Amino acid sequence: MPTNPSRRRRAAPLALLALLAAPAWADGERRARVPLDPSYVQECGSCHVAYPPALLPAASWQRLMGDLAHHFGSDASLDRELARKLTDWLVAHAASGRRAAQVPPQDRITRSAWFLREHDELPAATWQRPAIRSAANCGACHPRADRGEFDEHAIRIPR
């Protein structure tokens with residue numbers, strides 16, 4: 001049966017749009033990055049990289065923010081109103097989809113299934129290098145980690 005050229009011309013832009021959007025639909029992690037809250041960067045980023053909220057599920061952020069006096073061995077207490085504001089922001093932008101399906105042990109990003117999968121090609125000794133020191137030191141290998149960017153093409157692993 002012959003195809004209608006007019007119908008084909010109308011469908012072409014839709015097909016192109018679908019092809020361009022397909023990577024975003026196929027990979028939930030390719031959604032737009034949420035700009036980091038300045039208060040979050042100031043408070044949390046003063047001790048470690050201000051991790052993007054999409055790296056942990058909402059339940060993890062709630063637990064972490066609910067016990068800041070015992071934050072991984074440090075007292076990271078904030079005044080009640082700021083802690084509530086940051087908790088609300090983190091929860092609103094927390095992981096979704098596959099990343100949210102499994103809460104990592106001890107609510108540690110570095111123990112999450114997706115983190116382990118992304119870094120599985122690195123030998124354990126890599127984390128011990130003086131310039132890296134820890135899997136939590138994202139900025140050692142990801143030069144734009146402080147902006148929430150973890151593009152694998154920009155990785156520079158220190159020797």
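Derivation of every value follows stated rules applied to the coordinates shown; laboratory data play no part. Being a predicted model, the structure only gives us computed values, none of them experimental. Here Cβ is always computed from backbone atoms with ideal geometry, including for glycine, and neighbour counts include all displayed protein chains.
Brief remarks follow.
- Cβ-defined net charge surrounding residue 72, 13 Å radius [Lys, Arg +1; Asp, Glu -1]: 0
- For the pair residue 81 and residue 114, a Förster radius of 41 Å applied to the C-beta separation gives a FRET efficiency near 0.80, rounded to the nearest 0.05.
- Two-decimal log10 I(q)/I(0) for the range 19-159, as the Debye equation yields it once each C-alpha is a single scatterer, q = 0.11, 0.14 Å⁻¹: -0.43, -0.71
- Span from the the range 38-87 Cα centroid across to the the range 124-159 one, whole angstrom: 21 Å
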